[in-house]
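> Take this structure first; my questions come after.
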Amino acid sequence: DAKTTQPPSMDCAEGRAANLPCNHSTISGNEYVYWYRQIHSQGPQYIIHGLKNNETNEMASLIITEDRKSSTLILPHATLRDTAVYYCIVALDSNYQLIWGAGTKLIIKP
Amino acid sequence: SAVISQKPSRDICQRGTSLTIQCQVDSQVTMMFWYRQQPGQSLTLIATANQGSEATYESGFVIDKFPISRPNLTFSTLTVSNMSPEDSSIYLCSVEDDDRGTYEQYFGPGTRLTVT
């Protein structure tokens, strides 16, 4: 079973920041938080991952709470092309077995 | 990041037949993975394929049903054998990009299989 809990769906207005929450209360000290997304009819796409510190790249920011029991993926200026299912996954850096939950279906509205 | 292609992109097959799906990567990678995504569902790992060794299958998947080849560091095949309608799914291969030194996976576009 997936070790994460995400809301099944969210809406966001185009141009606004999309904040996608994820709960991972049973995360262990050496497990990373990964985010992927899957646009309709495409393979999943890696977005970002982190261990303890907040991370930012060209796609998104990842905010991990101090107790590491939850995190938030932030898409700073959502566009229509960001409409996708977003998956939050907890995994060991040395363990390739990503356990995929149901994800959050994010719909960006004009 | 690694660029991955899959063939075929989609197919419609009759029950009892077999289909071999090809996965080609534009760079040499150690780890390749095969996933199944049933309609409306999330991804399930079928097996991990390392070059030069037998594939490692996840619980619920067996080699007789899903034989995998990994002849070199840029290529792998997954065969779906003796197909039934329950095998109708999207099959995805993914790789870990060795050059980046991190563990994110990169996915192919998937093969959409319909079994009638």
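> Return A:Y87, A:Y34 ranked ascending by Cβ neighbour count within 10 Å, so the fewest neighbours appear first. It would help to have the intermediate numbers written out before the result.
On the way: A:Y87 27, A:Y34 22.
Ordered by Cβ neighbours within 10 Å, fewest first: A:Y34, A:Y87.
> Can you compute log10 of I(q)/I(0) for the stretch A:10-49 with the Debye formula, treating each Cα as one identical point scatterer, at q = 0.20, 0.24, 0.30, 0.34 Å⁻¹?
Evaluating at q = 0.20, 0.24, 0.30, 0.34 Å⁻¹ gives log10 I(q)/I(0) of -0.87, -1.03, -1.11, -1.13.
> Subtract the Cα-Cα distance of A:K109 and A:T79 from 0.36 nm times their separation in residues, and report this length gain in nm to one decimal.
Extending this stretch completely gives an extra 10.0 nm.
> Still on this model: Considering only Cα-Cα distances, which of the following residue pairs are longer than 32 Å: A:K109/B:K7; A:K105/B:K7; A:K69/B:K7; A:K69/A:K109?
Numbers: A:K109/B:K7 34 Å; A:K105/B:K7 28 Å; A:K69/B:K7 40 Å; A:K69/A:K109 30 Å.
In this structure, A:K109/B:K7; A:K69/B:K7 exceed 32 Å between Cα atoms.
> Arrange the following residues from fewest to most other Cβ atoms within 10 Å of their Cβ: B:R15, A:R37.
On the way: B:R15 12, A:R37 23.
Sorted ascending by nearby Cβ count, the order is B:R15, A:R37.
> Something else now. Calculate the all-directions average of the projected area of the protein assembly as shown's alpha-carbon convex hull, and give it in nm².
Values: hull surface 49.2 nm².
Seen from a random direction, the Cα hull of the protein assembly as shown projects 12.3 nm² on average.
> Please work out the Cα convex hull volume for chain B and give it in Å³ per residue. Walk me through the intermediate numbers first.
Working: hull volume 11.0 nm³, N = 116.
Per-residue hull volume (Cα only) is 95 Å³.
> If you don't mind, there's one more thing I want to ask. Once label points are set 7 Å from the Cα along Cα→Cβ at both B:Q51 and A:K52, what is their separation, rounded to one decimal in nm?
Here the answer is 3.7 nm between the modelled labels.
> Kindly put B:E54, A:E14 in sequence by how many other C-beta atoms sit within 10 Å of each C-beta, fewest to most. Intermediate results must be reported in sequence, preceding the final value.
Values: B:E54 11, A:E14 15.
In order of increasing Cβ crowding within 10 Å: B:E54, A:E14.
> Could you compute the net charge surrounding B:T48? Neighbours are other residues with a C-beta less than 11 Å from the C-beta of B:T48; K and R count +1, D and E count -1.
Summing Lys/Arg as +1 and Asp/Glu as -1 gives -2.
> If you take the C-alpha gyration tensor of chain A, multiply each eigenvalue by 5 and take the square root, what semi-axes do you get, largest first, in whole Å? Write out the running numbers ahead of the final one.
Numbers: eigenvalues 99, 43, 30 Å².
After scaling each eigenvalue by five and taking roots: 22, 15, 12 Å.
Coordinate-derived values only; no laboratory data. On a predicted model such as this, the values are computed, not experimentally measured, just so you know. When we count neighbours, we look across all protein chains shown, and the Cβ atoms used for this are built from the backbone with ideal geometry, even at glycine.
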